[in-house]
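To start, the structure under review is shown below, and the notes come after it.
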Amino acid sequence: GLILKGNPWTCECGLVWLGHWLRRWLRETMQIHTVVLEGAQQMQNLAREATCTDPRTGQQTPILDLYPEDLSCHASALSRGGSSSRCAFSGFQIRTLVALVLMYWWSW
């Protein structure tokens, strides 16, 4: 599987896409596979272990709970074309995430 917990992510607009991707992955996984309730709850709990740190409060937030409206994200910060958008990942983190996603898909 894909393990995302334990990464030093900051809760900001550049990370909203990952929360969206995780929610979609959970939804599709539960539709494709006939998952019993206990398995679905376990998948949900594992996905919630991927957290980021709120820079204002220092509080850990599950990435599943990141929404653009909660972070006051502007559309330009959520699109690749926005000149004012900042990436929440370093180059190393992006390469690591891409590698993990590819390993996950190849394992199917």
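Within the stretch 47-60, can one find any residue that is modelled with pLDDT of 65 or more, assigned to a helix (DSSP H, G or I), among the polar types (S, T, N, Q) and open to solvent by 100 Å² or more (accessible area, probe 1.4 Å)? So far as the stretch 47-60 goes, no, none of its residues is modelled with pLDDT of 65 or more, assigned to a helix (DSSP H, G or I), among the polar types (S, T, N, Q) and open to solvent by 100 Å² or more (accessible area, probe 1.4 Å). Taking each residue of the stretch 39-50 that is free of Cβ contacts under 8 Å to residues at least 12 places away in the same chain and on the phi > 0 side of the Ramachandran plot and looking for partners that are surrounded by 13 or more Cβ atoms within 10 Å (Cβ to Cβ) and of a type in the set (G, A, S) with beta-carbon atoms closer than 7 Å, six or more apart or interchain, yields nothing.
The values are calculated or read from the model by the stated rules, or taken from the named source; none is laboratory data. If you're wondering where the values come from, they're calculated on a predicted model, not measured in any experiment. Cβ coordinates were reconstructed from backbone atoms using ideal geometry, including for glycine residues, and neighbour counts include every protein chain displayed. Keep in mind that these areas ignore ligands, DNA and RNA; they rest on the heavy atoms of the full protein, side chains included. Shrake-Rupley method; radii C 1.70, N 1.55, O 1.52, S 1.80 Å.
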